[in-house]
Each structure stands twice: as C-alpha cells, then as structure tokens.
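These notes are about the structure you will find just below.
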Amino acid sequence: MQTMTTNDESAKGARRGNPGRPERTCAGCGKHAEADVLVRVVLDPGSGEVAVDLARSGFGRGAHVHGSTACLAKALRGGFARVFKAQVKVDAAALAEEIVNAADRRIDGLLGGARRAGQLAIGADAVVEALRAERAHLVVVARDAAAAARLPEIERAIASGKAVALGDKDRLGRLFARDQVAVLALLHEGVAAAVASTFGLSAPFRPRAEGVASADLKGEAAAWSSSEVR
Ligand SMILES: [Zn+2]
C-alpha cells in the first residue's frame, strides 16, 4: 500500500504554514488549505468512479476538494480529471450524499471512541454539568431536541458556536443503546475538533435542518453554520 502523503498529486510542495499540518490543493477553486478542511476523494482507475475517503486512509490516488457545493461542482467539471489525469464519472448529488454518509460514519466512530474513553457526556443533565465545569469542547444536539436546546447552558454553547445539530434523538440514542438521546458533549478537545471539522466538511451538503438551527431552536443560525463550529 502506498502512503497518502506521497501519492497525492496535490501534496507536491504543499507543506506550508502550520508544521505537521500538511496542506493540499482544492481541485475546485485551486486554493491551498490544510488537509482537514478538505474532502479527500480517491479514484477507482477501473471504473473511473471516485469515492470519498474522509479518514484519509491512503488507499489509491487522492484528490481534495473544499466541503462546498461551488468547489465540488468545479472539481467535477474538470478539476478532478486534471488531478487524476483521467475521466471521472460521478454526479454531484451522488458524491454530496456520499460525503454526508461518510461524515456520519466517521462522527459515529469518533463518538463511540469518546464514549469508550470516558470522554463523552450523554444526556442533558450530564451535558449541562460538563458545560458548567467548562469540560465540554463541543455539544451535539439532536435536531428534534428543542427542549434541551433551550436550557441556558446549552443555549450559550449554541450561541458561542460550540454546538452542532446532527441527527435526531432516535439516531443518537441508537448509537448508545438508549431509546433516545437529545444532547451529547465531547470532553476531549482533539476528538471534539475532529467531529467539528468532519461535520463542517459535510455541512453544506446536508439538509437544512442539520447544521442550521430551525425556528424552534431559537434561530441561532449563525452559530450552527459549518464555519463557526470549529
Ligand atoms: Zn475550493
């Protein structure tokens, strides 16, 4: 298996800025960015199809694109083909859906790992306690958890951009073998950052109710946008 850092066209000469945080080139807008704000895709040379590789696990030849509909559209119009020097067969809607699904899987894995490490507060009481103790680095609120979102501590977390709206109470509950979970808090800074950046990459491709607060979540739309959850 080849390693990702030497295998990606866009990695050439793209190590600047923060040491240890390699930069890549977006196949859409052509700008350099740190790898963790870009979606990595890999080409299947046989089929000409591209697959999303959010974990940047390194198989295959990679290209990168900002988590934005404009950059993805440009990359699909020719940016990916230039990087891969091959035709790319994929439509924007399918790739956007795959980005969201891959992000969900990665976030589920990160939340599960945080729980096993004792770095996750589950449920409103535990989350409020963690916020009061300033131990919560990121709050995950189910989209249908309007009551939890109105608790003052959680409202403040939302207003300060330390929250993302993701899934619903049933979905969060299933992750932890409970009926329903309205709210979670990540207590580990690095894992919280990984969840936030993974969410941010996929946020522009999600249904509006995810990532952006609905009216009954008090319209804190700005705090829920992808750029403010980092
Ligand atoms: Zn871009």
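Quick note: the coordinates plus some simple rules give every number you see, no bench work behind them. This is a predicted model, so every value here is computed, not measured. Cβ placement follows ideal geometry from the backbone for every residue including glycine, while neighbour counts extend to all protein chains displayed.
List of remarks:
- In nm, spacing of pseudo-spin labels at ARG135 and ALA117 (7 Å Cα→C-beta vector): 1.5
- With 0.36 nm allotted per residue and the present C-alpha distance subtracted, the ALA51-ALA92 stretch has 13.6 nm of extension available.
- Flagged links, alpha-carbon separation over 29 Å, of LYS31/LYS162; LYS74/LYS162; LYS85/LYS162: LYS74/LYS162; LYS85/LYS162
- Rg to Rh, two decimals, where region 83-133 supplies the alpha carbon set and Rh follows Kirkwood: 1.30
- Inter-part distance, region 18-60 to region 92-165, computed on C-alpha centroids, equals 25 Å.
- Placing a label point 7 Å from the Cα of ARG105 along the Cα-to-Cβ direction, the residues of region 32-54 whose backbone N falls under 12 Å of that point are 51-54.
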